[in-house]
Amino acid sequence: LGQIGRPPWRISSRIRRLPLFQNNVIIEEVNKGLNPGMIVLLVVASFLLLFFVGNYALYVYAQKTLPPKKKKPVSKKKLKREKLKQGVSAPGE
């Protein structure tokens with residue numbers, strides 16, 4: 001009945017001092033699997049790598065197969081202005 005009124009930390013401190021518990025060895029289990037954070041990291045990294053490699057492959061394929069872009073035709077007004085800058089008279093003048 002004397003121990004009922006005591007706080008629990010006093011009881012636990014007495015248990016730790018007993019010679020029965022002094023030579024116990026704590027064995028920690030080593031986690032042999034992948035933790036969830038590592039799995040998420042691997043999945044995200046593999047998706048990013050796949051995305052960039054796929055984009056590069058599509059870019060190289062498009063460069064080889066698509067025809068080159070057509071240049072915009074130069075307007076007659078710009079053509080006339082360029083010729084005047086160079087000192088050549090425009091045709092018809």
Residue 83: which lysines have alpha carbons under 29 Å from its alpha carbon, excluding same-chain residues fewer than 8 sequence positions away? 69, 70, 71, 72
Residue 25 paired with residue 86, simple spin-label distance in nm, labels 7 Å along Cα-to-beta-carbon: 9.3
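Bear in mind that the values in this text are calculations on the coordinates, not laboratory data. Note that the structure is predicted; figures quoted are calculated from it, not measured. Reconstructed Cβ throughout: ideal geometry from the backbone, glycine too, with neighbour counts over all protein chains shown.
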